[in-house]
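The values are calculated or read from the model by the stated rules, or taken from the named source; none is laboratory data. This one's a predicted model, so the numbers in the text were calculated from it and none came from an experiment. Glycine also receives a Cβ, built like all others from the backbone with ideal geometry; neighbour counts cover every protein chain displayed.
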Amino acid sequence: MLFSLIPDIEYSKSPISYPFSESDYVIAKNFFRGFEIDENIFDYAVYFDKYVIQDGERLDTIAYQFYNDVTYDWVIAITNKLVNPGYDLPLGDNALRTYIEEKYGDDAYSGIHHYETEEVKDINGAVLQPLGLVVDEKYHTSLHEFNNGAGVVSLPGSQISTAITNYDHEVKENEKHREIYLLKPDLLHVFVSNFKKSNKYTDSTDYVSTTLKKTNSTI
C-alpha cells in the first residue's frame, strides 16, 4: 500500500542513444520526499499505545493484530521512524546469538565491550555516582575517593563498576528495539489521509500532476 501513496518523479536518463542531445525519462518513486513525525507527539497517550514486540513478530503481523490489515505495516514503520525494519526490529534469541558470534568471534561471550558504573550513595542516601555511566578499563582498575558524609573513603573501581561483555551489550541494544508506538486504530484513517495530502505535488516548474513531477537531473 505504501508504494501506491508515494508520488512519482521523472528523472532524465541521457544519453541512451544517438543523438546525445536527446533525453529519455525514467519514472521512479520519490522516496526523497519525506514525511516527518513530530517527536513530541508521542507524549500524547491519546494518539498512541506503547507496544512491546515479542520474538517472531513482524510489522505486518502487528498491523493485522491492531488494524486487521497487514498492509498498514508501513504506518507502524513511519510513525516509529524505522528506516529498515529488517534491522530496526529486535532479533530472536537464535538470530541474535548468530549475529553476536559472527560480529565478535571468539570474544562473543567473554570479551569486554565496556564498563558501567554502579550507584554509590553517601550515608544520607544522596547519590554520589549514578548507575549506568560508561567508563573505561582504567576507571575499573583504579581507586576512587568519595565523601560519604562521614569522611572520605576510597573505593576500588572493580567494586563500583561492572564489566559488560559483548554479549550483554548486544542483548541490551536488541531490547531497545522492542518498544514501539502504535497509532490508535480510530486515528488510522486520519493519518493515512494526511499522508496522502502531504505527498501530493503542488504547482511548480516541474509540476506534471499531483502525483508526478519532472526533473532534468540525470541518473
Taking interchain pairs and intrachain pairs at least six residues apart, which have beta carbon atoms under 7 angstrom, with the first residue in segment 95-116 and under 11 Å from V171 (Cα atoms) and the second among the acidic types (D, E) and modelled with pLDDT of 95 or more? L96/E170; I100/E170
Looking only at strands (runs of 3 or more DSSP E) that lie completely in segment 93-173, which have at least 1 residues being under 26 Å from the mean Cα position of the chain (by Cα)? 112-117, 161-165
Filtered residue count, segment 91-130, keeping only those that are surrounded by fewer than 14 Cβ atoms within 10 Å (Cβ to Cβ), aliphatic (A, V, I, L, M) and more than 17 Å from Q159 (Cα to Cα): 3
Residue by residue through segment 66-85, note down the ones that are surrounded by fewer than 19 Cβ atoms within 10 Å (Cβ to Cβ) and aliphatic (A, V, I, L, M). V70, I78, L82, V83
Somewhere in segment 158-175, is a residue of a type in the set (F, W, Y), crowded, with 16+ Cβ neighbours inside 10 Å and without any contact (Cβ under 8 Å) to a residue 40 or more places away in the chain? no
Residue that is surrounded by the fewest Cβ atoms within 10 Å (Cβ to Cβ) [pool: residues in segment 176-219 that are modelled with pLDDT of 55 or more and part of a strand (DSSP E or B)]: E179
Would you call F35 of a type in the set (F, W, Y), at pLDDT below 90, within 22 Å of the chain's Cα centre (by Cα) and in a loop (DSSP other than H, G, I, E, B)? yes
Hey, A63 hits all of (1) in a helix (DSSP H, G or I); (2) farther than 15 Å from P185 by Cα; (3) modelled with pLDDT of 85 or more but one; which does it fall short on? (2)
